[in-house]
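Take a look at the structure below.
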Amino acid sequence: MRNSVLTVAAGFAAALVAMVAMRPLLPIDETRYLDVAWELWLTGDLFHLTRNFDLYAHKPPLLFWLINLVWQVTGVHEFAARLVAPGFAVASVYAAARLARRLWPDDAGIGTRAALVLAGFSVFTLYGSATMFDTMLSLATILGAGILWRIGQGARGAGIWAGFGLVLGFGVYAKGPVIFVHLMPLLLSMRFWAADPPRRAQALRGMALSIAVGLAMVGLWLVPALISGTAAYRQELLWTQSAARVAGGLAHDRPVWFLAVLLPVLLFPWGWSWRLWPAISRNVMQDRACRMAAIWAASGLVLFSLISGKQAHYLMPEFAAAALLVARALGVAGQGARGGSAAPLVLLTTGVAGLGTGLGIAAGMIPATGDLAVMTPAWAVALFGALCLVLAVLGWLLPALAAHTVQGLGLAGALYVLIATSALYGAYDPAPVIARLKAAETGGLAVSSMTYNAEFNFAARLKRPVATPADPAALRLWADENPGGLVFGPVGQVPVATPPDATVRYNRITYGFWPARIVALSVRE
């Protein structure tokens, strides 16, 4: 059984490596995080992260530390850095399988099913291939849920609560205090799912120890960072990033129903099986472990719906809970059964739309202009449609477990093939931009008329900050002080009367490039 889980994890790892290779870094998140890691490499300061050489307190340091650790072996290499976060997605698949075996030791195939189900969620795979923090948080949540299950089964003593504290510390290093949103509902609801929950006094003492261990672990980084940081940095690190996401005012503010309406997409393909839902419902009513997984999944959805700042990938840790529920239901509903799912119909519709769009572009019936220009060449779109049609057919022919796994992973893979073979790749390829920036770095660089998130600092391996003058007067002053420099920004928005020397399209923005000596003479104030 262990070998089969390792086989699934190895196959999932190979799929993620291929996906990483099939697309460039995506702005603004991945480009920003690679820049933070790059500047850590330049400064060697483990305690104070920077972005565009300004202090960066939006995220904790673990991902950036690990990328730099990899670079100690490989040298500064984009592909190597981009494998770090997907590695935690693979570890999460393996950990979910181990947790499933702990929850249902009498179910011989539960570990393999849990691994396949988690890997088969298309959204989990797509985000799992990205350079982001959620895969690390997913692993921390799975490990924490496993410890809470043991406590709920009667495990006692300081050791197990200290272990839970280490997991909390790991989660904070991964993505901050949000780990408590994922794990505290399980602890607080233990009497509803645990066979032998600790008494209230025991739980309070245990949790106090856990928090103390977690704080001590995080303090190894946080205390030196706070002592040597500025007042603004301390406020940002300790308060703004957490409180404002709850109350609103930062990026990603969404309505309360945002995640609920995304559920059909998030749960594809397993959530589209009408055979599984009755089995899941019965299991939740009858099985303590299923009840724990249901509380885990539902509490994450509810709490993040109530929090102002939210994104779909914030629910990455809850995919493991959903995978546990589905894996157990497959043992009841029959993993070898065929049909009983609308997932093939979704793929059929997507495939027909993709094939039709590709043929329409090829025939000139659909003009490939504007944003649709990235949907070329026509054969790439048609290939995507054809792949979806193949997945639909496999969904009807294969048994339930294999069918859904192939459809979920296959859809993610088909999307990556579309990126790799169409103009989508070039639309996010920074090479034409960075060629100009690298050539002009010695004279100084400035970006105007846009929010700059260090999109090009890592790709161009910049060793100096890109200036961000706030208004035309500041832009003129910068150009006067840096006559050999280069100004870039969105064409039509940069306040310069002279046309740019060159233009490049990147991330749906047409960038213009102006020598600073020209800007100094033609700024419109």
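Bear in mind these aren't lab numbers, they're just calculated from the coordinates by the rules spelled out. Small disclaimer: the values here were computed from a predicted structure and weren't measured. Cβ placement follows ideal geometry from the backbone for every residue including glycine, while neighbour counts extend to all protein chains displayed.
Length gained on full extension, T451 to Y233: 76.5 nm, using 0.36 nm per residue less the C-alpha separation.
Only Lys, Arg, Asp and Glu carry charge here, each on its Cβ (+1 for the first two, -1 for the last two); on that basis segment 431-522 has a dipole of about 300 debye about its Cα centre. For the chain, the longest principal axis of the alpha carbon atoms and the long axis of helix 276-286 meet at an angle near 60°.
Its Cα centre serving as origin, the chain has a Cβ charge dipole (Lys and Arg +1, Asp and Glu -1) of approximately 1580 debye. Between 0 and 90 degrees, the angle of helix 62-74 with respect to the longest Cα principal axis of the chain falls at about 70 degrees. Extension gain, Y425 to E481: 0.36 nm times the residue separation minus the Cα-Cα distance gives 16.5 nm.
Taking a Cβ cut-off of under 12 Å around A174, the surrounding Lys, Arg, Asp and Glu residues balance to a net charge of +1, with basic ones at +1 and acidic ones at -1. Based on alpha carbons, the Rg and Dmax found for segment 340-478 are 21.8, 68 Å. Against the chain, whose longest principal axis comes from its Cα atoms, helix 431-440 is set at around 50 degrees. Can you tell me, using C-alpha contacts under 8 Å and at least 6 residues apart, the relative contact order of segment 2-333 as a whole percent? About 21 percent, as a whole number.
Exposure proxy for E481, E525: other Cβ atoms within 10 Å of each Cβ, ordered fewest to most, give E525, E481. Taking a sphere under 15 Å around the Cβ of T135 and counting the other residues whose Cβ falls inside, with K and R at +1 and D and E at -1, yields a net charge of -1. For segment 5-48 versus segment 56-118, the spacing of their alpha-carbon centroids is 12 Å. Neighbours of F53 by Cβ distance under 12 Å: Lys/Arg scored +1, Asp/Glu scored -1, total -1.
Each helix, a run of at least 4 DSSP H residues, gives -39500 (n - 2.57); summed and divided by the residues of the chain, these come to -20500 deg cm²/dmol at 222 nm. Hey, how many Å between the Cα centroid of segment 362-429 and the Cα centroid of segment 166-198? Their Cα centres are 39 Å away from one another. Residues H182, H313 in ascending order of nearby Cβ atoms (within 10 Å, fewest first): H313, H182. Once both labels are positioned 7 Å from their Cα atoms along Cα-to-Cβ, the gap between A298 and A14 label points is 4.0 nm. The label point for K438 and the one for L359, both projected 7 Å from the Cα toward the Cβ, are 4.4 nm apart. Would you be so kind as to identify which of L303, T405, A195 lies farthest towards the positive end of the dipole of the chain, taking Lys and Arg as +1 and Asp and Glu as -1 on Cβ and the Cα centre as origin? My answer, from the dipole projection, is A195.
Only one residue of I147, T7, V76 has its Cα farthest out toward the positive end of the dipole of segment 2-333, where Lys and Arg carry +1 and Asp and Glu -1 on Cβ, and that residue is I147.
Averaging the sequence gap over all C-alpha pairs within less than 8 Å and six or more residues apart, then dividing by the number of residues, gives segment 390-525 a relative contact order of 22 percent. For the pair V265 and L55, label points projected 7 Å from Cα toward Cβ lie 3.7 nm apart. On the basis of the beta-carbon distance and an R0 of 56 Å, I509 and R102 show a calculated FRET efficiency of 0.70. Among the trypsin sites (Lys or Arg not before Pro) found in segment 105-162, those both in a DSSP coil and sparsely packed, with 14 or fewer other Cβ atoms within 10 Å of their Cβ, are R156. I'd like to know which of L103, F258, V17 lies farthest towards the positive end of the charge dipole of the chain, counting +1 on Cβ of Lys and Arg and -1 on Cβ of Asp and Glu. Final value for the positive-end residue is L103.
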